[in-house]
Structure formats: C-alpha cells, structure tokens
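All of the numbers you see were taken from the coordinates with simple rules; none came from a lab. Just so it is clear, the model here is predicted, and its values are computed rather than measured. Positions of Cβ are backbone-derived with ideal geometry, glycine not excepted, and every protein chain shown enters the neighbour counts.
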Amino acid sequence: MNARFLTLLQREIWEHRGGLIYTPFIVGAVMFGLFLLTGISTFYWTDKFDGSTHMAEGALKFAETQLDPAQMRLIIEAFLWGTALVWQMVMFIVVFFYCLGSLYDDRRDRSILFWKSMPVSDMETVLSKLVIAVVIAPIVMLAGLIVGQIVLIVSSGALVAMHGGNPWKLLWSHSNPLLMWAQFGAVQAVQALYLLPLFGWLMLASAFARGRPFLWATLPPILLSIAESWLRFTTDFTFSKVIWEFIARRFAAGFAPISINADFGETNINAGLSGTKYAANFDDVLARVMSIDLWVGVGIGILFLAGAIYLRRYRDDATS
Amino acid sequence: MTAVITARQLSKRFRQKTALDNVNFSVQQGRIVGLIGPNGAGKTTALKAILGLTPYEGELDVLGHNPFRDRSALMQDVSFIADVAILPRWIRVSEAIQYVEGVHPRFVRSKCERFLAATEVRPTMRVRELSKGMIAQLHLALVMAIDARLLILDEPTLGLDILYRRRFYEQLLNDFFDETRTILVTTHQVEEIEHILTDLLFIKSGTIALSTTMEDVAQRYCQVLVSNDRLEAARSMRPISERKLLGKTALLFDGVPQHQAREFGEVHQVGVADLFVAVMGGTA
C-alpha cells in the first residue's frame, strides 16, 4: 500500500471520524456505564433496602464453591462474545450507512469536483472506501472492543474483590480473552468476504442515486418480488426467494456473525462439559468460508464494485 | 507556439439538447483565455470535457492526453477551481493541505503555507467556518502551490465581493502565471478580467462564435460615438451593433480602419462586454 492510498484512507477517516473511530469506544463507554449501574444496583441497593445484606456475597460464595470451572468458563466466554456482538451490531449499522453515502455525499455537496481535480483515479477512490468498510472499520472495532472488554474484565474483578470474592479464581483464570480477540479478528476476515456483495451493492446504489440512495438500495429487491408475482401470476416467489435468502443471510451475519450458547441451563452446561469447547459456535463461520454461497457472493460483490467504479467515472451530474 | 488544448469536431449531446456541436478550437501555451458565453451556451460542458469529467464525441487533446481516458494522469498537470462551493465543508484547512500533498506529486506545501500566511485562514479552521472569500483564498493557495501547466477556472469569484475578486486575479497574475502556463477562465464579470486576458473564445449555443486574441480585437474592432446628424452616413459602413449612449449612438465596427471611423466621431477601444453583446446578437 503506497503513501497515496494511505492519504485516501486518511481522508475517509477525517470525514467519518465520529462514526468509524469514536463509535467503538463510545460503545465501550456505554457498556461500562451499564455495568456500573447493574453492579451498583445488585451489590449496593439490594444491601441497603432489602436487608438481605449477604445475598451478593452469598452468590459469590456459591459461584466460588459450587460451580464447575468448565461452567464458569462457559459463562465468561458467553459474556465476552455477547458483549462483542454489541460492538458488531453497532458497527454493522455504521458501515452500512458509510457505504450508502460513500459515493453519493460528495456528489450532493458538489465537492466531487474538488476530489476529481486531483490526480486520483475513480478506481482508487472506490477501493479506498471499500478498504475502510471491510478492513479499517473492523480493525478499529477490534481495538475498541479490546479496550472496552479490558475495562469490563478489570472492573468486574474489582467488584468481586470488594465483596470478598477471589477475582482470579472466579473470573480471570477461566478464560483467555487474548484467544477470544484473535478469534473475533478471524471472524472479521470472514465477514469481509461474506459481506462483500452487500457493501458492494450499497456502494453501487450510492454511485447511482441522484437522490435518496437508501431507496435505490432497498427498492430493487422489493420490486423484483412484485415483478415476479405479476409475471408468473403466482405467489410462489421462487426466483426472488433465492435473492431474499441471500440478502437475509448477509444481514444475519452482519449483525451476529457467530452464534452463542447463551443458555446456562443444566443441559447446556452439561453439553459444554461433554462436547462444546467454547461458548461461541465457530462451526457456522468455518462452514461459511467453505460454502459456495460465500464465493458466489464475492463474485457478485466484485461485479457491483466494478459497476460502482464505472458509474463514478461516467456520472457527471454533480453540476448542472 | 504549442497548443495546450486542441478540440476537433468536439460534440456533447444530452437527451434533450446538444451542448456542444462540432466545436473546433485550440488554446496556446502562455495565454490567458476567456471562455465567454451566456448561460447554457456550453461553457461548463466544454470545461468538463477538457477536465475529463464527462465523455464526449470528437477529438480532444489536452497536454497530450485524452482527458476522459487519462483523467487522473492529466490532473497532475491541470488544476481546476470551480466556484467556491466545491471545497468539502467538513474538511480542516490543515487536512486539505495534507491531502493534496499526499496525492499530488507537484504540490509544494511551503508555497501553500506562504500564501495562506497572508490571509486570515488558519490551519485548524474547517471550511464551513470560513467566509466565501476565505474559501476562495484557500482554494487558490492550494492550486497555486501546484506546479500545473494548465489552470481552469469556472466562475472562480462567483459570490465574492469586489475586494476579494480583485485580489484573486492579482495574485493569480503575480504569483502563478508565466509564459509556461496557461489559464482558461469563464466568468460573468468580464469587465473585471478583460485587462488580463490575452485571448477570447465566445461560445454561443454550443458553437464557437468568435475565437481571437486581444491584439486582434484592438485592431479589428472599434467603437465610434456618432452624433445624430452623421448617423445615416456611419450606418452605411455596416456596424455590427449600435446602442444609444448619452444622446449619441455608439456604433461598433468590424474591420473598419481607425482613420475612416474617425470621420464619424470619437473612436474608442472596444470593451469585451460590448463586443460580446454585439457578437451574440439577440441571445445575450
């Protein structure tokens, strides 16, 4: 990657500093705030008003003495992955709208004439925006996640210690956040490929729209279904069903790329003991890499991006 | 002389209308060319074609490039300022400088900073906080710090007050222009720049109505203030336009020698605006 391309990435970050850089850290701050609220309410207010002074300590004692280490690990991993998905969901929405505006906003405010007066090709421009969506945004998200989870891990340990629990024995010894972060990073790499057709489509709509890129991005699949119902005089949407399922899988993965065994009931903990190694289910992600669905999607995504580059070059509606 | 821009049979057709209709013209190095025409005549379309922003029919050569095919390469040698509204409003002055420095191999940061030091523009300001005049100063500083061979200005001083307008062109002449560079400019305030122009290109409904140099204009055209008693005689010389002026009639002649014109009255240099009105006829 040369210095020119880094400048293009820098440009995107300047424009979207709030969404791309601050958001993951704001998510961490909000979760820390929620943690403090629940921590205070369970340990402080119950003590004060219920008179059940030793409830919290009792719970800690129970966890320390009665729970199996494997069960503890499952709970803590579910906590780490569960909070990670909050970051994932928020950043998916941020990147969704980033892509939708990426090739539209500068046409609307006519600053495209400034960008196009620079020796930067339209392909470089489009690729720089794609790299932001699939590489830079996930990296920053991971950074925000790591900082946020360190704060959560340390402060929950402190809370446990304040009430006479042993944070090492109860929390810290059971899981390896380093491993979890590495796994989350690997998931992001799969996401980059899996969501390529979605982001490519959004950028295509962004390059195409003369107004309302959101409608241009969302209406075609809807119209396709309507057209199919007319053409075939049927409510059996065979063709559009394939497309809708393709889209739905992307959204599902965009919000939650990995499923979590969040049920701490007896059976699941037993399953955790006997079979499931981790709270997070990696089989989904691995299956995705090996699937035709992913690679067909990558091909479609490249076509959409080529279309976006073409439109960026040929559309000259910035000025009238 | 070397041609910086050569257009042959240049056309641009939209669905509804023809913006450029088989236009031929060339622009030579070291000239300051005014591209002048009424609204909708095709000025902006011509500039966009030259800048590689729009596809076209016909042949167009800008500094040896096919502009639409090689836009990004061409932009190393060509700079462009449209009216002040095109700098992104969210960007900081320091970021704009860093961006141009990062993508443009011929940008000299120290030059840009020197130009800006003479203004009220500060590096930490965002474009949206600047006045129109300051935005124009920033854009001009960015562009003048680029060692470009061709500068294209599309209504660069639109909406600026007279002080900023005058300073804009003065700076351009003093700190940027020399015989190796070429400037192509469109503006409605033609009186303000006619003293810096060396060439004129009048464009009228997608065709070139006049392509000439300022020296030629001075030789070829003259304006005579004729009193009413001599009007009929003067009209026999077939003026290309006439208008009432202070009880007399100002007649504009094409190709009538000065000594002959002097017989009818006081002879004046022709202003670009008068010439424009005369050549454009009823359309302006």
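Fewest Cβ neighbours within 10 Å first, please rank B:LYS244, B:LYS204 accordingly. If you can, show how the numbers build up before the last one.
Details: B:LYS244 8, B:LYS204 19.
The most exposed by this proxy come first: B:LYS244, B:LYS204.
As a calculated quantity, the FRET efficiency between B:ASP254 and B:GLN29 at R0 = 30 Å, using C-beta atoms, amounts to about 0.60.
Of the peptides B:153-164, B:251-262, how do they stack up when ordered by the mean number of other Cβ atoms within 10 Å, highest first? Show your work: numbers first, answer last.
Numbers: B:153-164: 18.1, B:251-262: 16.3.
Per-residue mean Cβ counts within 10 Å order the peptides as B:153-164, B:251-262.
Note on A:LYS129: lysines with a C-alpha under 20 Å away, same-chain residues under 8 apart excluded, are A:LYS116. Positive-end ranking of B:LEU210, B:GLY247, B:ILE196 along the dipole of segment B:187-284, with charges on Cβ about the Cα centre, is headed by B:GLY247. Between helix B:132-144 and chain B there is an angle of about 80 degrees, using the helix long axis and the longest principal axis of the Cα atoms. Counting neighbouring beta carbons within 10 Å and listing from fewest to most, the residues B:VAL277, A:VAL94, A:VAL242 come out as A:VAL242, B:VAL277, A:VAL94. Partner lysines whose Cα lies under 16 Å from the Cα of A:LYS61, excluding those fewer than 8 positions away in the same chain, are identified as A:LYS169. From the Kirkwood radius over Cα pairs of segment B:3-205, Stokes-Einstein at 37 °C and 0.692 mPa s returns a whole-number translational diffusion coefficient of 188 µm²/s. Each Lys or Arg adds one and each Asp or Glu takes one away; over the other residues whose Cβ falls under 13 Å from the Cβ of B:THR182, this sums to -1. A Förster distance of 35 Å, applied to the separation of the beta-carbon atoms of A:PHE251 and A:LEU67, puts the FRET efficiency at 0.45. Note on B:99-110: average number of Cβ atoms from other chains within 10 Å of each residue's Cβ is 4. Between B:MET144, B:MET125, B:MET134, the GNM of chain B built on Cα springs shorter than 10 angstrom shows B:MET125 fluctuating the most.
The trypsin sites (Lys or Arg not before Pro) of segment B:54-101 that DSSP puts in a loop, and whose beta carbon has at most 12 other beta carbons within 10 Å, are B:ARG69.
Of interest is the spacing of the C-alpha centroids, which for segment B:1-34 and segment B:184-206 amounts to 14 Å. Counting neighbouring Cβ atoms within 10 Å and putting the fewest first, the residues A:LYS61, B:LYS48 line up as A:LYS61, B:LYS48.
Across peptide A:107-116, the average count of Cβ atoms from other chains found within 10 Å of a residue's Cβ is 6.
Exposed loop GluC sites (Glu not before Pro) only (DSSP loop, at most 13 other Cβ atoms within 10 Å): please give the longest stretch of chain B free of them, not including the sites.
Values: sites that count: B:GLU120, B:GLU179, B:GLU263.
Of all site-free stretches, the longest is B:1-119.
Taking label points 7 Å from Cα along the Cα-to-Cβ direction, B:ARG149 and B:ARG128 give a separation of 4.0 nm. Springs join every pair of Cα atoms under 10 Å in this Gaussian network model of chain B, and among B:GLN76, B:GLN219, B:GLN16 the largest mean-square fluctuation is at B:GLN16. Extension gain, A:VAL147 to A:LEU303: 0.36 nm times the residue separation minus the Cα-Cα distance gives 52.4 nm.
Debye-formula intensities of segment B:216-283, expressed as log10 I(q)/I(0) at q = 0.19, 0.26, 0.29 Å⁻¹, are -0.65, -1.21, -1.46 (one equal scatterer per alpha-carbon, no solvent). Projecting label points 7 angstrom from Cα along Cα→Cβ for A:LEU36 and A:ALA287 puts them 4.2 nm apart. Semi-axes of the equivalent ellipsoid of segment A:10-314 are 44, 24, 17 Å, computed as sqrt(5λ) over the eigenvalues of the C-alpha gyration tensor in descending order.
Go ahead and run the numbers for FRET between B:LEU158 and A:ALA3, Cβ-Cβ distance against an R0 of 41 Å, rounding to 0.05. Could the numbers behind the result be given before it?
Numbers: r = 35 Å, r/R0 = 0.85.
It comes to 0.75.
Share of Cα-Cα pairs in the protein assembly as shown beyond 43 Å, in percent? Of the Cα pairs, 43 percent sit more than 43 Å apart. Partner lysines whose Cα lies under 30 Å from the Cα of B:LYS248, excluding those fewer than 8 positions away in the same chain, are identified as B:LYS204.
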